[in-house]
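Only one structure is covered here, and it is reproduced in the block below.
The values are calculated or read from the model by the stated rules, or taken from the named source; none is laboratory data. Predicted, not measured: the structure shown is a model, and the values here were computed from it. No Cβ is skipped: glycine too gets one built from the backbone with ideal geometry, and neighbour counts run over all protein chains shown.
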């Protein structure tokens with residue numbers, strides 16, 4: 001049963017200890033291990049030694065207690081959609097697959113909240129919610145699990161209105177490395193009772209424990225919505241419109257930015273005839289008179305900023321067509337260099353600094369042969385460049401890494417962060433000292449206090 | 001210079017060590033100590049041995065390092081408006097008065113954020129912001145400092161719309177017990193870069209370190225606002241209206257509840273002629289057409305729930321007059337038994353559980369001679385009973401404590417919390433084990449990791 005390719009010496013003992021508990025749901029099979037060792041990441045695969053498919057919080061507790069006794073790394077796994085290497089197993093160990101913990105435990109329609117197991121995906125939850133008129137708004141690009149989204153502090157296009165996982169998780173069930181089961185937070189909308197443990201686990205990327213259940217805020221579907229797409233002569237004009245719209249408190253549900261190259265790529269890929277110019281997709285929501293009012297205000301603000309053209313969706317179909325173009329951005333980008341997957345940058349800066357940040361990094365990009373179309377969640381100051389480099393070409397690979405690193409430097413200079421929503425994993429570790437300074441040592445102290453044997457997703461975010 | 005009344009043996013050494021640094025700004029004078037030992041709390045005073053008036057983050061760092069070496073407790077002090085004994089010094093030690101750190105360091109109008117020193121009060125900040133059209137929404141009853149508000153995770157009447165300090169603090173400067181100075185969070189609207197240290201210090205009540213600077217989110221003043229007061233036959237009808245209004249996504253800026261006794265007290269105290277019946281004060285905000293629309297919807301929802309009467313403010317003056325009645329609630333309550341100050345309960349429950357929670361506790365209250373008028377932030381599920389008991393009467397004192405304890409039990413049974421916004425301090429410590437279960441041990445582990453000598457506001461929230 002022992003596999004000579006085990007990376008971690010404690011793997012065989014863990015397999016033997018857990019087999020009676022889990023039967024066929026724990027495996028050292030090579031194909032399952034390979035499936036759990038790469039995910040959507042641009043980083044080289046690093047498969048685990050074992051894969052365990054957990055079904056209950058109690059089972060997670062017994063698995064963690066066992067691995068803790070043996071000193072075996074445990075890497076929580078949801079949908080495998082993280083992109084910075086969060087589910088990689090560089091030291092080997094056990095990939096704890098939680099996708100089978102996918103029950104919706106409670107929907108509180110009156111309280112606009114719900115409790116779910118960690119393996120429920122956001123789409124599944126929203127399908128189940130449809131009959132209630134409620135929905136959960138956080139929409140990362142991937143079909144992610146809610147446990148994974150909490151662990152990477154995910155956000156999406158509607159974060160400008162509803163907040164990210166940081167704002168929308170009310171409480172958690174967490175299993176600590178030694179197997180203790182905790183509940184953090186609760187169902188009350190607010191509490192001043194002691195330390196905020198919920199926020200400690202949200203964004204910890206599984207390095208402090210395993211989230212097995214989440215209580216989430218829900219929202220009522222807005223009565224009306226209106227989409228438009230505005231083209232601008234430059235990024236600064238688009239950003240000025242975003243700032244003005246936020247000041248006015250318009251009912252912005254989404255306000256998404258693309259640069260000239262991205263719009264060219266979209267037009268080429270989709271056959272659309274939008275201007276080859278920086279653009280904002282905007283969705284306004286609220287009551288019908290509120291949306292009508294806000295649309296007028298927004299159009300005025302965009303015109304004041306020098307908008308070249310404003311395409312107003314006249315129907316739900318037209319709105320959907322405009323949003324399909326936005327959602328096709330990644331595929332349109334990749335079509336600029338077929339066969340290349342690219343890597344996505346993820347800095348987030350104060351909104352006033354967006355134009356400078358973008359100008360400065362595009363000047364760096366222009367010195368290379370790498371196409372780098374831009375999309376962004378402009379209302380949050382978060383944008384992504386897809387760096388379409390050829391990983392077989394050492395010069396391009398070096399250039400791509402340099403662009404990524406330089407962009408983080410610029411973002412930090414401007415008061416921003418290296419990652420708005422993708423998290424740190426292995427991919428952004430190198431920037432944590434610059435970003436956090438002495439606070440990084442406090443993170444290490446907390447890690448050591450909660451996970452003294454260092455079994456939880458080791459070597460992610462920082463080294464201890 | 002040594003005072004025989006020092007409670008802590010290390011106080012004289014700290015005074016001697018810090019006098020060269022601070023001169024007259026450190027004192028063992030009895031009147032200053034008395035001023036720093038009670039605040040607004042209902043608990044018996046517990047003055048510190050020393051009071052130090054800090055002026056800079058660097059100075060806070062040197063004070064903490066000195067006290068850490070000597071093992072002397074340090075109790076951060078802002079405006080002294082906390083009510084659960086957060087600023088009490090039961091073990092003696094040094095009260096670190098931060099009210100002199102009151103500079104507004106930066107207002108970012110474009111980014112709708114600001115950075116302030118911890119001693120700035122919320123009113124001062126809003127006065128400074130007036131010319132920008134921006135404001136900071138969290139409004140606890142007291143003229144509190146923003147550092148204190150962050151430390152107790154304060155909220156207020158507008159939390160239903162904007163969130164509490166939990167949602168609105170973007171970043172902090174914190175001094176750790178050993179004198180290390182950290183920055184947490186930053187100016188980006190969101191970040192997925194590592195552990196959320198900001199939320200660890202927000203609500204920690206000064207037990208993990210001292211907050212010296214805060215970066216806060218700001219908001220644009222709404223274009224229009226409309227106030228109304230609705231009277232209902234019972235609490236359940238009022239609550240049903242709140243739930244429906246939240247579902248509809250109305251632009252609720254505030255939605256405040258009072259019970260029949262509270263309304264009687266207000267009518268008697270202010271000479272108003274509102275129905276002696278449970279009431280909601282409501283403020284709708286947004287664009288003028290949005291507010292007009294939402295007002296119509298709200299009136300319909302209230303009528304559906306059986307509202308007895310709806311008083312719509314026809315002018316800003318009328319709106320102010322209605323809100324003055326709300327703000328007079330505490331004084332009106334105290335006038336029910338002149339000379340008694342009362343203590344305020346603070347549970348918060350899922351909104352659907354509000355009627356049951358209130359019914360059950362009012363049945364307990366009815367078995368005593370204690371009047372207990374109710375006001376609440378209905379949109380958050382948070383309410384306060386002012387228990388007007390005579391502290392000189394042992395029977396009444398016992399009854400008041402029993403009501404408070406029973407209310408916490410009921411709230412926890414209903415999925416709520418012992419404190420929505422006042423914090424734990426000394427007053428709610430006894431409930432933490434029931435509320436948090438095994439999570440309380442994790443709080444202790446974190447406390448011990450960050451403050452191994454236990455100098456930061458010891459014996460608050462929990463005992464180590």
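How many of the residues making up region B:429-438 are part of a helix (DSSP H, G or I), within 7 Å of chain A (Cβ to nearest Cβ) and either in contact (Cβ under 8 Å) with a residue 12 or more places away in the chain or surrounded by fewer than 22 Cβ atoms within 10 Å (Cβ to Cβ) (or both)?
Within region B:429-438, residues that are part of a helix (DSSP H, G or I), within 7 Å of chain A (Cβ to nearest Cβ) and either in contact (Cβ under 8 Å) with a residue 12 or more places away in the chain or surrounded by fewer than 22 Cβ atoms within 10 Å (Cβ to Cβ) (or both) number 2.
Among the residues of region B:181-214, count how many are more than 14 Å from residue A:200 (Cβ to Cβ), more than 8 Å from chain A (Cβ to nearest Cβ) and crowded, with 24+ Cβ neighbours inside 10 Å.
Residues meeting the conditions: 8.
Look at residue A:426 and say whether it is assigned to a helix (DSSP H, G or I) and either at pLDDT 95 or above or in contact with a helix residue (DSSP H, G or I) (Cβ under 8 Å, 6 or more places away or on another chain) (or both).
Answer is no for this residue.
May I ask you to list the residues in region A:326-341 that are in contact with a strand residue (DSSP E or B) (Cβ under 8 Å, 6 or more places away or on another chain) and free of Cβ contacts under 8 Å to residues at least 60 places away in the same chain?
A:334
Any residue that is in contact with a strand residue (DSSP E or B) (Cβ under 6 Å, 6 or more places away or on another chain), in contact (Cβ under 8 Å) with a residue 12 or more places away in the chain, farther than 23 Å from residue A:215 by Cα and buried (at least 24 other Cβ atoms within 10 Å of the Cβ) - is there at least one of those in region A:100-120?
no
Could you look through region A:406-419, keep only residues that are assigned to a loop (DSSP other than H, G, I, E, B) and closer than 19 Å to residue A:43 by Cα, and pick out the one that is farthest from the chain's Cα centre (by Cα)?
Residue satisfying both the conditions and the ranking: A:418.
Out of A:426, A:412, A:388, which single residue is closer than 27 Å to residue A:164 by Cβ and more than 12 Å from every other protein chain (Cβ to nearest Cβ)? First the steps, then the outcome.
Working: A:412 fails: more than 12 Å from every other protein chain (Cβ to nearest Cβ); A:388 fails: closer than 27 Å to residue A:164 by Cβ.
A:426 is the lone residue from the list that is closer than 27 Å to residue A:164 by Cβ and more than 12 Å from every other protein chain (Cβ to nearest Cβ).
Whether any residue in region A:124-146 is within 11 Å of chain B (Cβ to nearest Cβ) and out of contact with any helix residue (DSSP H, G or I) (no Cβ under 9 Å at 6 or more places or on another chain) is what I want to check.
Yes, some residue in region A:124-146 is within 11 Å of chain B (Cβ to nearest Cβ) and out of contact with any helix residue (DSSP H, G or I) (no Cβ under 9 Å at 6 or more places or on another chain).
Just to confirm my filter: which strands (runs of 3 or more DSSP E) fall fully inside region A:129-231 and include at least 2 residues that are closer than 30 Å to residue A:293 by Cα and at pLDDT 95 or above?
Output list reads A:224-231.
Output the residues belonging to region B:156-167 that are facing another protein chain (nearest Cβ under 7 Å), under 16 Å from residue B:376 (Cα atoms) and touching a helix residue (DSSP H, G or I) at 6+ places or on another chain (Cβ under 7 Å).
Passing the criteria: only B:159.
Name the single residue that is surrounded by the most Cβ atoms within 10 Å (Cβ to Cβ) among those in region B:449-464 being outside any loop (DSSP other than H, G, I, E, B) and out of contact with any strand residue (DSSP E or B) (no Cβ under 7 Å at 6 or more places or on another chain). Show your work before the answer.
Going through region B:449-464, the residues outside any loop (DSSP other than H, G, I, E, B) turn out to be B:449-450, B:456.
With the extra rule that they be out of contact with any strand residue (DSSP E or B) (no Cβ under 7 Å at 6 or more places or on another chain), the set shrinks to B:449-450.
Working: B:449: 16, B:450: 21.
If we take residues in region B:449-464 being outside any loop (DSSP other than H, G, I, E, B) and out of contact with any strand residue (DSSP E or B) (no Cβ under 7 Å at 6 or more places or on another chain), then B:450 is surrounded by the most Cβ atoms within 10 Å (Cβ to Cβ).
Would you point out which residue out of B:139, B:178 is under 14 Å from the mean Cα position of the chain (by Cα), farther than 18 Å from residue A:412 by Cβ and surrounded by fewer than 22 Cβ atoms within 10 Å (Cβ to Cβ)? Don't jump to the end; show me each part of the working.
Working: B:178 fails: under 14 Å from the mean Cα position of the chain (by Cα).
When all the criteria are applied, what remains is B:139.
Buried (at least 20 other Cβ atoms within 10 Å of the Cβ) and in contact with a helix residue (DSSP H, G or I) (Cβ under 7 Å, 6 or more places away or on another chain), is that true of residue A:51?
So residue A:51 fits the description; yes.
For region A:110-120, what are the residues that are assigned to a strand (DSSP E or B) and either within 14 Å of chain B (Cβ to nearest Cβ) or in contact with a helix residue (DSSP H, G or I) (Cβ under 7 Å, 6 or more places away or on another chain) (or both)?
A:113, A:114, A:115, A:116 - these are the residues of region A:110-120 that are assigned to a strand (DSSP E or B) and either within 14 Å of chain B (Cβ to nearest Cβ) or in contact with a helix residue (DSSP H, G or I) (Cβ under 7 Å, 6 or more places away or on another chain) (or both).
In the list B:446, B:403, which residue meets the criterion of being more than 19 Å from the chain's Cα centre (by Cα), part of a helix (DSSP H, G or I), crowded, with 18+ Cβ neighbours inside 10 Å and within 7 Å of chain A (Cβ to nearest Cβ)? Break it down stepwise before answering.
On the way: B:403 fails: within 7 Å of chain A (Cβ to nearest Cβ).
Of the residues listed, the single one that is more than 19 Å from the chain's Cα centre (by Cα), part of a helix (DSSP H, G or I), crowded, with 18+ Cβ neighbours inside 10 Å and within 7 Å of chain A (Cβ to nearest Cβ) is B:446.
From the list B:107, B:83, B:87, pick out the single residue that is within 14 Å of another protein chain (Cβ to nearest Cβ) and part of a loop (DSSP other than H, G, I, E, B).
Unique residue meeting the criteria: B:83.
Taking the criterion of being surrounded by fewer than 24 Cβ atoms within 10 Å (Cβ to Cβ), at pLDDT below 95 and either in contact with a helix residue (DSSP H, G or I) (Cβ under 7 Å, 6 or more places away or on another chain) or not assigned by TED's automatic domain parsing to the domain that holds residue A:179 (or both), would at least one residue in region A:82-94 satisfy it?
Within region A:82-94, one or more residues are surrounded by fewer than 24 Cβ atoms within 10 Å (Cβ to Cβ), at pLDDT below 95 and either in contact with a helix residue (DSSP H, G or I) (Cβ under 7 Å, 6 or more places away or on another chain) or not assigned by TED's automatic domain parsing to the domain that holds residue A:179 (or both).
What number of residues within region B:345-390 are under 17 Å from the mean Cα position of the chain (by Cα) and either surrounded by fewer than 21 Cβ atoms within 10 Å (Cβ to Cβ) or not in a strand (DSSP E or B) (or both)?
Of the residues in region B:345-390, 8 are under 17 Å from the mean Cα position of the chain (by Cα) and either surrounded by fewer than 21 Cβ atoms within 10 Å (Cβ to Cβ) or not in a strand (DSSP E or B) (or both).
Which condition breaks for residue A:227 when tested against (1) within 12 Å of chain B (Cβ to nearest Cβ); (2) over 30 Å from residue B:380 (Cβ atoms)?
(1)
Counting only residues that are part of a helix (DSSP H, G or I) and in contact with a strand residue (DSSP E or B) (Cβ under 6 Å, 6 or more places away or on another chain), which one in region B:246-286 is surrounded by the most Cβ atoms within 10 Å (Cβ to Cβ)?
First pass over region B:246-286, keeping only residues part of a helix (DSSP H, G or I): B:246-247, B:260-270.
Applying the additional criterion that residues be in contact with a strand residue (DSSP E or B) (Cβ under 6 Å, 6 or more places away or on another chain) yields B:247, B:262-263.
Numbers: B:247: 19, B:262: 28, B:263: 25.
Only one residue tops the list, namely B:262.
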